[in-house]
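The values are calculated or read from the model by the stated rules, or taken from the named source; none is laboratory data. On a predicted model such as this, the values are computed, not experimentally measured, just so you know. Here the Cβ is made from the backbone with ideal geometry for all residues, glycine too, and neighbour counts use every protein chain on show. To get the accessible areas, we keep the full protein, side chains included, count just its heavy atoms, and leave off ligands, DNA and RNA. Shrake-Rupley method; radii C 1.70, N 1.55, O 1.52, S 1.80 Å.
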Amino acid sequence: MAKFLLSLHVLAAVLAIGPVTVAASMFPKALRRTHSAPDDREALATLRTLHRICRVYAGIGIAVPVFGFATARILGVLGSGWLITSIVLTTAAAAILGLLILPAQDNALTATQDPGSSQAPGSSPALHLAARLAMLTGVFNLLWATVTVLMIVRPGSTTGA
């Protein structure tokens, strides 16, 4: 059962978190493109699609810790330092995504779609938002990379699994 749950945990991470990291990373560049060419309908469609991917797969990503906790319980490693560290980092990544990245993407889309709020191409607010989103996404991705390494290396683990 442990191998089955571990397989589901890894598959959920790859299939849910992977698309979020890629789409969130692409969003700032697409936002800059949309602001530099406000009449480009394709750029706006790309921005909407990237945001939708982030939102939907973030919801699906809830399966990752669900299967992770089930696997950890069966393996008896819930109190292990590497797992507790991974849980803290995963919580931080989820908070950054849910509380900072997704709302900022919502705000960017709203500003882009509202003709009355459009800034001049290359305006400072649009560039600032794109830069902030790039930084937040970089931190989010770094947290997930760290969790992935901890899950593979499992420092101090004695389970052999």
| request: Filter region 84-111 for residues that are in contact (Cβ under 8 Å) with a residue 60 or more places away in the chain and either open to solvent by less than 40 Å² (accessible area, probe 1.4 Å) or among the aliphatic types (A, V, I, L, M) (or both) and give the result. | output: Ser86, Leu89, Leu97, Ile101, Gln105, Ala108, Leu109
| message | I'd like the full set of residues that are assigned to a loop (DSSP other than H, G, I, E, B) and either charged (D, E, K, R) or surrounded by 14 or more Cβ atoms within 10 Å (Cβ to Cβ) (or both), limited to region 15-70. | response | Pro38, Asp39, Asp40, Gly61
| task | Just give me the residues in region 64-83 being in contact (Cβ under 8 Å) with a residue 60 or more places away in the chain and of a type in the set (Gly, Ala, Ser), in sequence order. | result | Ala70, Gly76, Ser80, Gly81
